[in-house]
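Written below as C-alpha coordinates is the structure these notes are about.
The values are calculated or read from the model by the stated rules, or taken from the named source; none is laboratory data. Source: prediction; values computed, not measured. We place every Cβ from the backbone using ideal geometry, glycine too, and count neighbours over all the protein chains shown. We work out accessible area using only protein heavy atoms, side chains counted, and drop any ligands, DNA or RNA first. Shrake-Rupley method; radii C 1.70, N 1.55, O 1.52, S 1.80 Å.
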Amino acid sequence: MFEAVEELIGEHADLEKQLADPSVHADQANARKLNKRYAELTPIVSSYRSWRQLGDDIDTARELGQDDPDFAAEVKELEKEREELTERLRLLLVPRDPNDDKDVILEVKAGEGGEESALFAGDLLRMYLRYAERVGWKTEILDANASDLGGYKDVQVAVKARASHEPGQGVWARLKYEGGVHRVQRVPATESQGRIHTSAAGVLVTPEAEDVEVEIGPNDLRIDVYRSSGPGGQSVNTTDSAVRITHLPSGLVVSCQNEKSQLQNKESAMRILRSRLLAAAQEEAEREASDARRSQVRTVDRSERIRTYNFPENRISDHRVGFKAYNLDQVLDGDLDAMIQACVDADSAAKLAAAGDGSS
(Lines give C-alpha, C1' and ligand atoms only; values in the text may rest on other atoms or scores of the structure.)
Protein backbone atom coordinates (compact mmCIF):
# COMPACT_ATOMS: atom_id res chain seq x y z
CA MET A 1 0.00 0.00 0.00
CA PHE A 2 2.84 2.38 0.74
CA GLU A 3 4.97 1.76 -2.34
CA ALA A 4 4.31 5.26 -3.65
CA VAL A 5 4.84 7.04 -0.33
CA GLU A 6 8.62 7.30 -0.65
CA GLU A 7 8.12 9.04 -4.00
CA LEU A 8 5.64 11.42 -2.39
CA ILE A 9 8.14 12.15 0.39
CA GLY A 10 10.67 13.12 -2.27
CA GLU A 11 8.14 15.38 -3.96
CA HIS A 12 7.28 16.95 -0.60
CA ALA A 13 10.94 17.71 0.12
CA ASP A 14 11.37 19.22 -3.36
CA LEU A 15 8.32 21.43 -2.87
CA GLU A 16 9.70 22.58 0.48
CA LYS A 17 12.90 23.71 -1.23
CA GLN A 18 11.01 25.51 -3.98
CA LEU A 19 8.75 27.34 -1.54
CA ALA A 20 11.80 28.47 0.45
CA ASP A 21 13.08 30.25 -2.67
CA PRO A 22 11.85 33.90 -2.64
CA SER A 23 11.92 34.07 -6.44
CA VAL A 24 9.19 31.42 -6.66
CA HIS A 25 6.73 33.77 -4.98
CA ALA A 26 7.13 36.35 -7.74
CA ASP A 27 4.66 34.21 -9.68
CA GLN A 28 1.68 34.17 -7.31
CA ALA A 29 -0.34 31.68 -9.36
CA ASN A 30 2.52 29.18 -9.39
CA ALA A 31 3.23 29.75 -5.68
CA ARG A 32 -0.43 29.01 -4.84
CA LYS A 33 -0.26 25.83 -6.90
CA LEU A 34 2.91 24.68 -5.11
CA ASN A 35 1.48 25.57 -1.69
CA LYS A 36 -1.70 23.63 -2.45
CA ARG A 37 0.24 20.50 -3.41
CA TYR A 38 2.53 20.88 -0.39
CA ALA A 39 -0.53 21.08 1.91
CA GLU A 40 -1.95 17.92 0.29
CA LEU A 41 1.25 15.94 0.83
CA THR A 42 2.08 17.14 4.36
CA PRO A 43 -0.49 14.93 6.20
CA ILE A 44 0.66 11.89 4.18
CA VAL A 45 4.32 12.48 4.94
CA SER A 46 3.67 13.22 8.62
CA SER A 47 1.47 10.14 9.06
CA TYR A 48 3.94 7.87 7.27
CA ARG A 49 6.82 9.03 9.45
CA SER A 50 4.70 8.37 12.55
CA TRP A 51 3.76 4.95 11.13
CA ARG A 52 7.42 4.01 10.67
CA GLN A 53 8.35 5.33 14.11
CA LEU A 54 5.60 3.22 15.67
CA GLY A 55 7.03 0.18 13.91
CA ASP A 56 10.40 0.84 15.55
CA ASP A 57 8.73 1.43 18.93
CA ILE A 58 6.88 -1.90 18.67
CA ASP A 59 10.11 -3.76 17.89
CA THR A 60 11.82 -2.11 20.86
CA ALA A 61 8.92 -2.84 23.22
CA ARG A 62 8.89 -6.51 22.16
CA GLU A 63 12.59 -6.83 22.79
CA LEU A 64 12.43 -5.16 26.20
CA GLY A 65 9.22 -7.06 27.01
CA GLN A 66 11.18 -10.30 27.24
CA ASP A 67 12.51 -9.06 30.56
CA ASP A 68 9.92 -6.45 31.62
CA PRO A 69 6.15 -7.24 31.56
CA ASP A 70 5.31 -3.51 31.45
CA PHE A 71 6.93 -3.25 28.02
CA ALA A 72 5.22 -6.45 26.91
CA ALA A 73 1.83 -4.96 27.83
CA GLU A 74 2.66 -1.81 25.85
CA VAL A 75 3.05 -3.78 22.61
CA LYS A 76 -0.71 -4.30 22.15
CA GLU A 77 -1.43 -0.60 22.63
CA LEU A 78 1.25 0.35 20.12
CA GLU A 79 -0.03 -2.21 17.61
CA LYS A 80 -3.57 -0.84 17.93
CA GLU A 81 -2.29 2.69 17.41
CA ARG A 82 -0.37 1.56 14.32
CA GLU A 83 -3.44 -0.15 12.87
CA GLU A 84 -5.40 3.09 13.24
CA LEU A 85 -2.60 5.02 11.59
CA THR A 86 -2.48 2.46 8.78
CA GLU A 87 -6.16 3.09 8.05
CA ARG A 88 -5.61 6.85 8.12
CA LEU A 89 -2.80 6.47 5.61
CA ARG A 90 -4.98 4.30 3.38
CA LEU A 91 -7.60 7.06 3.33
CA LEU A 92 -5.00 9.77 2.71
CA LEU A 93 -3.67 7.83 -0.27
CA VAL A 94 -7.09 7.52 -1.92
CA PRO A 95 -7.04 9.63 -5.12
CA ARG A 96 -8.55 13.01 -4.35
CA ASP A 97 -11.13 14.92 -6.33
CA PRO A 98 -9.14 17.71 -8.05
CA ASN A 99 -11.99 20.14 -7.36
CA ASP A 100 -12.04 19.54 -3.58
CA ASP A 101 -10.42 22.88 -2.78
CA LYS A 102 -12.68 24.93 -5.04
CA ASP A 103 -15.44 27.27 -3.95
CA VAL A 104 -18.91 26.53 -5.29
CA ILE A 105 -22.06 27.94 -6.82
CA LEU A 106 -25.01 26.35 -5.02
CA GLU A 107 -28.47 26.55 -6.57
CA VAL A 108 -31.77 25.64 -4.92
CA LYS A 109 -34.85 25.27 -7.11
CA ALA A 110 -38.43 24.61 -6.05
CA GLY A 111 -40.07 21.60 -7.67
CA GLU A 112 -43.62 20.35 -7.84
CA GLY A 113 -45.68 21.48 -4.88
CA GLY A 114 -46.25 25.18 -5.52
CA GLU A 115 -45.77 27.48 -2.54
CA GLU A 116 -44.92 24.60 -0.19
CA SER A 117 -42.02 23.56 -2.41
CA ALA A 118 -40.84 27.18 -2.60
CA LEU A 119 -40.99 27.46 1.20
CA PHE A 120 -38.96 24.26 1.50
CA ALA A 121 -36.41 25.66 -0.96
CA GLY A 122 -36.13 28.64 1.40
CA ASP A 123 -35.57 26.27 4.33
CA LEU A 124 -32.76 24.54 2.42
CA LEU A 125 -31.16 27.86 1.56
CA ARG A 126 -31.17 28.95 5.22
CA MET A 127 -29.76 25.54 6.20
CA TYR A 128 -26.79 26.00 3.87
CA LEU A 129 -26.24 29.62 4.88
CA ARG A 130 -26.17 28.62 8.57
CA TYR A 131 -23.86 25.70 7.88
CA ALA A 132 -21.49 28.03 6.00
CA GLU A 133 -21.56 30.42 8.96
CA ARG A 134 -20.75 27.55 11.36
CA VAL A 135 -17.65 26.49 9.42
CA GLY A 136 -16.46 30.01 8.63
CA TRP A 137 -17.30 30.24 4.94
CA LYS A 138 -18.45 33.39 3.16
CA THR A 139 -21.74 33.38 1.22
CA GLU A 140 -23.10 35.73 -1.42
CA ILE A 141 -26.59 35.57 -2.94
CA LEU A 142 -26.05 35.94 -6.69
CA ASP A 143 -29.68 35.84 -7.78
CA ALA A 144 -33.01 34.99 -6.17
CA ASN A 145 -36.56 34.58 -7.42
CA ALA A 146 -38.74 34.85 -4.33
CA SER A 147 -42.23 33.39 -3.96
CA ASP A 148 -45.26 35.22 -2.60
CA LEU A 149 -45.10 33.59 0.87
CA GLY A 150 -41.39 34.19 1.47
CA GLY A 151 -39.89 31.07 -0.10
CA TYR A 152 -37.82 30.82 -3.26
CA LYS A 153 -38.72 29.56 -6.71
CA ASP A 154 -35.00 29.46 -7.37
CA VAL A 155 -31.89 31.00 -5.82
CA GLN A 156 -28.16 30.92 -6.54
CA VAL A 157 -25.53 31.51 -3.87
CA ALA A 158 -21.73 31.60 -4.06
CA VAL A 159 -20.01 29.84 -1.15
CA LYS A 160 -16.35 30.62 -0.53
CA ALA A 161 -13.74 29.49 1.99
CA ARG A 162 -12.34 32.43 3.95
CA ALA A 163 -8.83 31.08 4.47
CA SER A 164 -6.59 28.05 4.00
CA HIS A 165 -7.94 24.73 5.24
CA GLU A 166 -7.00 21.12 5.71
CA PRO A 167 -7.18 18.83 2.65
CA GLY A 168 -10.69 17.47 2.28
CA GLN A 169 -12.25 20.41 4.15
CA GLY A 170 -12.79 22.70 1.16
CA VAL A 171 -16.22 23.95 0.12
CA TRP A 172 -16.62 21.55 -2.83
CA ALA A 173 -15.18 18.66 -0.80
CA ARG A 174 -18.04 19.01 1.69
CA LEU A 175 -20.96 20.38 -0.31
CA LYS A 176 -20.64 18.26 -3.47
CA TYR A 177 -22.75 15.56 -1.78
CA GLU A 178 -25.71 17.97 -1.47
CA GLY A 179 -26.55 17.90 -5.17
CA GLY A 180 -29.80 16.12 -5.95
CA VAL A 181 -33.50 16.03 -5.15
CA HIS A 182 -34.46 16.74 -1.53
CA ARG A 183 -37.90 15.57 -0.41
CA VAL A 184 -39.90 17.04 2.46
CA GLN A 185 -42.82 15.48 4.36
CA ARG A 186 -44.75 17.89 6.58
CA VAL A 187 -48.00 19.77 7.08
CA PRO A 188 -47.69 22.82 4.81
CA ALA A 189 -48.37 26.30 6.11
CA THR A 190 -51.08 26.52 3.44
CA GLU A 191 -52.83 23.31 4.62
CA SER A 192 -55.93 23.96 6.72
CA GLN A 193 -56.83 20.30 7.35
CA GLY A 194 -53.55 19.33 9.02
CA ARG A 195 -52.67 16.75 6.36
CA ILE A 196 -49.07 15.77 5.68
CA HIS A 197 -47.92 16.62 2.16
CA THR A 198 -44.84 15.53 0.24
CA SER A 199 -42.99 17.94 -2.04
CA ALA A 200 -39.45 18.38 -3.28
CA ALA A 201 -36.75 20.89 -4.15
CA GLY A 202 -33.64 20.39 -6.23
CA VAL A 203 -30.09 21.35 -5.26
CA LEU A 204 -27.30 21.75 -7.80
CA VAL A 205 -23.70 22.26 -6.65
CA THR A 206 -20.98 23.16 -9.13
CA PRO A 207 -17.35 24.14 -8.49
CA GLU A 208 -16.86 27.82 -9.22
CA ALA A 209 -14.65 28.30 -12.26
CA GLU A 210 -11.82 30.75 -12.52
CA ASP A 211 -11.62 32.85 -15.67
CA VAL A 212 -8.69 30.84 -17.01
CA GLU A 213 -10.52 27.52 -16.66
CA VAL A 214 -13.35 28.25 -19.08
CA GLU A 215 -12.68 29.85 -22.45
CA ILE A 216 -15.63 31.91 -23.68
CA GLY A 217 -15.19 33.53 -27.09
CA PRO A 218 -16.41 37.08 -27.73
CA ASN A 219 -19.04 35.81 -30.19
CA ASP A 220 -20.23 32.96 -27.93
CA LEU A 221 -22.65 35.09 -25.91
CA ARG A 222 -25.96 36.80 -26.49
CA ILE A 223 -26.70 39.29 -23.73
CA ASP A 224 -30.23 40.62 -23.28
CA VAL A 225 -31.35 43.19 -20.73
CA TYR A 226 -34.87 43.61 -19.44
CA ARG A 227 -36.85 45.14 -16.59
CA SER A 228 -36.62 43.31 -13.27
CA SER A 229 -39.71 41.55 -11.97
CA GLY A 230 -40.65 40.56 -8.45
CA PRO A 231 -41.72 42.20 -5.18
CA GLY A 232 -41.95 45.96 -5.38
CA GLY A 233 -39.47 48.49 -4.10
CA GLN A 234 -38.17 51.94 -4.86
CA SER A 235 -35.49 50.75 -7.30
CA VAL A 236 -37.21 47.67 -8.72
CA ASN A 237 -39.01 47.74 -12.09
CA THR A 238 -37.70 51.23 -12.90
CA THR A 239 -34.67 50.37 -15.10
CA ASP A 240 -33.63 47.62 -17.48
CA SER A 241 -31.14 46.17 -14.97
CA ALA A 242 -31.93 42.45 -15.29
CA VAL A 243 -29.56 40.48 -17.51
CA ARG A 244 -30.05 37.26 -19.46
CA ILE A 245 -26.94 35.62 -20.96
CA THR A 246 -27.21 32.85 -23.56
CA HIS A 247 -24.12 30.77 -24.29
CA LEU A 248 -24.74 30.07 -27.97
CA PRO A 249 -22.49 27.00 -28.45
CA SER A 250 -24.10 25.07 -25.57
CA GLY A 251 -27.53 26.71 -25.35
CA LEU A 252 -27.08 27.39 -21.62
CA VAL A 253 -29.10 30.37 -20.38
CA VAL A 254 -28.47 32.26 -17.14
CA SER A 255 -30.54 35.17 -15.84
CA CYS A 256 -29.83 37.52 -12.94
CA GLN A 257 -31.93 40.38 -11.59
CA ASN A 258 -30.98 40.47 -7.92
CA GLU A 259 -28.79 43.58 -8.07
CA LYS A 260 -29.83 47.16 -8.87
CA SER A 261 -26.97 47.53 -11.35
CA GLN A 262 -26.99 45.95 -14.80
CA LEU A 263 -23.20 45.51 -14.56
CA GLN A 264 -23.46 43.67 -11.22
CA ASN A 265 -26.16 41.38 -12.61
CA LYS A 266 -23.99 40.65 -15.64
CA GLU A 267 -21.00 39.78 -13.43
CA SER A 268 -23.13 37.44 -11.29
CA ALA A 269 -24.60 35.77 -14.37
CA MET A 270 -21.13 35.23 -15.82
CA ARG A 271 -19.95 33.57 -12.60
CA ILE A 272 -22.88 31.15 -12.70
CA LEU A 273 -22.38 30.50 -16.43
CA ARG A 274 -18.66 29.78 -16.02
CA SER A 275 -19.31 27.30 -13.20
CA ARG A 276 -21.97 25.50 -15.25
CA LEU A 277 -19.73 25.33 -18.32
CA LEU A 278 -16.86 23.98 -16.21
CA ALA A 279 -19.10 21.32 -14.67
CA ALA A 280 -20.45 20.37 -18.12
CA ALA A 281 -16.94 20.09 -19.57
CA GLN A 282 -15.75 17.95 -16.67
CA GLU A 283 -18.77 15.67 -16.89
CA GLU A 284 -18.24 15.21 -20.62
CA ALA A 285 -14.59 14.31 -20.03
CA GLU A 286 -15.59 11.83 -17.34
CA ARG A 287 -18.25 10.26 -19.58
CA GLU A 288 -15.64 9.68 -22.24
CA ALA A 289 -13.54 7.95 -19.59
CA SER A 290 -16.58 5.86 -18.50
CA ASP A 291 -16.48 7.45 -15.07
CA ALA A 292 -19.31 9.99 -15.15
CA ARG A 293 -20.45 11.52 -11.90
CA ARG A 294 -23.60 9.86 -10.63
CA SER A 295 -24.04 11.63 -7.30
CA GLN A 296 -26.13 14.59 -8.42
CA VAL A 297 -29.67 14.56 -9.76
CA ARG A 298 -29.90 17.50 -12.11
CA THR A 299 -33.64 18.14 -12.26
CA VAL A 300 -36.44 18.06 -9.75
CA ASP A 301 -38.51 15.99 -12.17
CA ARG A 302 -36.24 12.97 -11.71
CA SER A 303 -37.64 10.22 -9.51
CA GLU A 304 -34.48 9.64 -7.49
CA ARG A 305 -34.44 11.27 -4.06
CA ILE A 306 -31.16 11.62 -2.21
CA ARG A 307 -32.65 12.77 1.09
CA THR A 308 -35.94 12.98 2.97
CA TYR A 309 -36.81 15.57 5.63
CA ASN A 310 -39.66 14.17 7.75
CA PHE A 311 -41.00 16.89 10.03
CA PRO A 312 -43.59 14.87 12.04
CA GLU A 313 -40.84 12.45 13.17
CA ASN A 314 -38.06 15.09 13.26
CA ARG A 315 -36.16 12.61 11.04
CA ILE A 316 -33.53 13.18 8.36
CA SER A 317 -32.60 10.31 6.03
CA ASP A 318 -29.94 10.13 3.33
CA HIS A 319 -30.98 7.30 1.01
CA ARG A 320 -27.58 6.96 -0.71
CA VAL A 321 -25.63 5.92 2.38
CA GLY A 322 -28.38 4.76 4.75
CA PHE A 323 -27.80 7.64 7.17
CA LYS A 324 -30.69 8.37 9.53
CA ALA A 325 -30.97 10.72 12.50
CA TYR A 326 -33.75 12.26 14.57
CA ASN A 327 -32.41 15.81 14.83
CA LEU A 328 -34.01 17.41 11.77
CA ASP A 329 -34.48 20.69 13.63
CA GLN A 330 -30.74 20.89 14.31
CA VAL A 331 -29.87 19.92 10.72
CA LEU A 332 -32.07 22.70 9.35
CA ASP A 333 -30.24 25.04 11.72
CA GLY A 334 -26.99 24.19 9.92
CA ASP A 335 -25.75 21.13 11.84
CA LEU A 336 -24.82 19.17 8.71
CA ASP A 337 -21.45 17.72 9.71
CA ALA A 338 -22.59 14.21 10.69
CA MET A 339 -24.64 13.76 7.53
CA ILE A 340 -21.94 15.09 5.23
CA GLN A 341 -19.30 12.97 6.98
CA ALA A 342 -21.41 9.85 6.37
CA CYS A 343 -21.30 10.66 2.64
CA VAL A 344 -17.55 11.35 2.77
CA ASP A 345 -16.90 8.04 4.55
CA ALA A 346 -19.04 6.09 2.08
CA ASP A 347 -17.27 7.74 -0.85
CA SER A 348 -13.85 6.96 0.62
CA ALA A 349 -14.84 3.35 1.28
CA ALA A 350 -16.00 2.96 -2.32
CA LYS A 351 -12.73 4.40 -3.63
CA LEU A 352 -10.72 2.12 -1.34
CA ALA A 353 -12.69 -0.89 -2.59
CA ALA A 354 -12.15 0.17 -6.20
CA ALA A 355 -8.44 0.62 -5.57
CA GLY A 356 -8.30 -2.82 -3.98
CA ASP A 357 -10.06 -4.39 -6.96
CA GLY A 358 -7.69 -2.67 -9.32
CA SER A 359 -4.62 -3.96 -7.51
CA SER A 360 -5.79 -7.56 -7.36
| message | Return the residues of the stretch 257-270 that are touching a residue at least 60 places away in the same chain (Cβ under 8 Å) and either surrounded by fewer than 20 Cβ atoms within 10 Å (Cβ to Cβ) or among the polar types (S, T, N, Q) (or both); say none if nothing qualifies. | response | GLN257, ASN258, ASN265, SER268
| task | With the condition kept exactly as written, say whether any residue in the stretch 59-75 is among the charged types (D, E, K, R) and closer than 30 Å to LYS351 by Cα. | result | no
| message | Any residue in the stretch 46-70 that is without any contact (Cβ under 8 Å) to a residue 24 or more places away in the chain and surrounded by fewer than 12 Cβ atoms within 10 Å (Cβ to Cβ) sitting within a Cβ distance under 8 Å of a residue that is assigned to a helix (DSSP H, G or I) and hydrophobic (A, V, I, L, M, F, W, C)? List the pairs, counting only those 6 or more apart or interchain. | response | GLN66/ALA72
| said: Looking at VAL253, VAL225, VAL212, can you tell me which residue is at pLDDT below 90, open to solvent by 60 Å² or more (accessible area, probe 1.4 Å), of a type in the set (Val, Ile, Thr) and within 23 Å of LEU106 (Cα to Cα)? | reply: VAL212
| query | Within the stretch 337-344, can one find any residue that is over 25 Å from VAL187 (Cβ atoms), modelled with pLDDT under 95 and over 16 Å from the mean Cα position of the chain (by Cα)? | reply | no
| field | Members of the stretch 94-122 that are acidic (Asp, Glu), farther than 22 Å from ALA346 by Cα and either touching a Leu at 6+ places or on another chain (Cβ under 7 Å) or part of a loop (DSSP other than H, G, I, E, B) (or both) | value | ASP103, GLU107, GLU112, GLU115
| query | Hey, among the residues in the stretch 153-196 that are part of a loop (DSSP other than H, G, I, E, B) and open to solvent by less than 20 Å² (accessible area, probe 1.4 Å), which one's modelled with the highest pLDDT? | reply | GLY179
| Hits in the stretch 96-119 (condition: open to solvent by 90 Å² or more (accessible area, probe 1.4 Å) and not acidic (Asp, Glu)) | PRO98, LYS109
| Looking only at the stretch 75-86, which residues are of a type outside the set (A, V, I, L, M) and open to solvent by less than 80 Å² (accessible area, probe 1.4 Å)? | GLU79, ARG82, THR86
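Any residue in the stretch 132-141 that is charged (D, E, K, R), under 30 Å from LEU89 (Cβ atoms), outside any strand (DSSP E or B) and open to solvent by less than 30 Å² (accessible area, probe 1.4 Å)?
Checked against the condition, which is being charged (D, E, K, R), under 30 Å from LEU89 (Cβ atoms), outside any strand (DSSP E or B) and open to solvent by less than 30 Å² (accessible area, probe 1.4 Å), the stretch 132-141 yields no hits at all.
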| note | From the option list LEU93, LEU124, single residue qualifying as touching a residue at least 40 places away in the same chain (Cβ under 8 Å) and either touching a helix residue (DSSP H, G or I) at 6+ places or on another chain (Cβ under 8 Å) or open to solvent by 30 Å² or more (accessible area, probe 1.4 Å) (or both) is LEU93
| query | Based on what the data block shows, is LEU34 in contact with a Phe, Trp or Tyr (Cβ under 7 Å, 6 or more places away or on another chain), open to solvent by less than 80 Å² (accessible area, probe 1.4 Å) and under 30 Å from ASP347 (Cβ atoms)? | reply | no
| said: Any residue in the stretch 309-338 that is touching a residue at least 24 places away in the same chain (Cβ under 8 Å) and over 25 Å from GLN169 (Cβ atoms) sitting within a Cβ distance under 7 Å of a residue that is outside any strand (DSSP E or B) and open to solvent by 50 Å² or more (accessible area, probe 1.4 Å)? List the pairs, counting only those 6 or more apart or interchain. | reply: PRO312/ILE196
| said: I need the full set of residues from the stretch 1-31 which are at pLDDT below 90, within 26 Å of LYS351 (Cβ to Cβ) and open to solvent by 60 Å² or more (accessible area, probe 1.4 Å), in order please. | reply: MET1, GLU3, GLU6, GLU7
| remark: Looking across the stretch 317-348 at residues that are touching a helix residue (DSSP H, G or I) at 6+ places or on another chain (Cβ under 6 Å) and among the small types (Gly, Ala, Ser), the single one that is surrounded by the most Cβ atoms within 10 Å (Cβ to Cβ) is GLY334
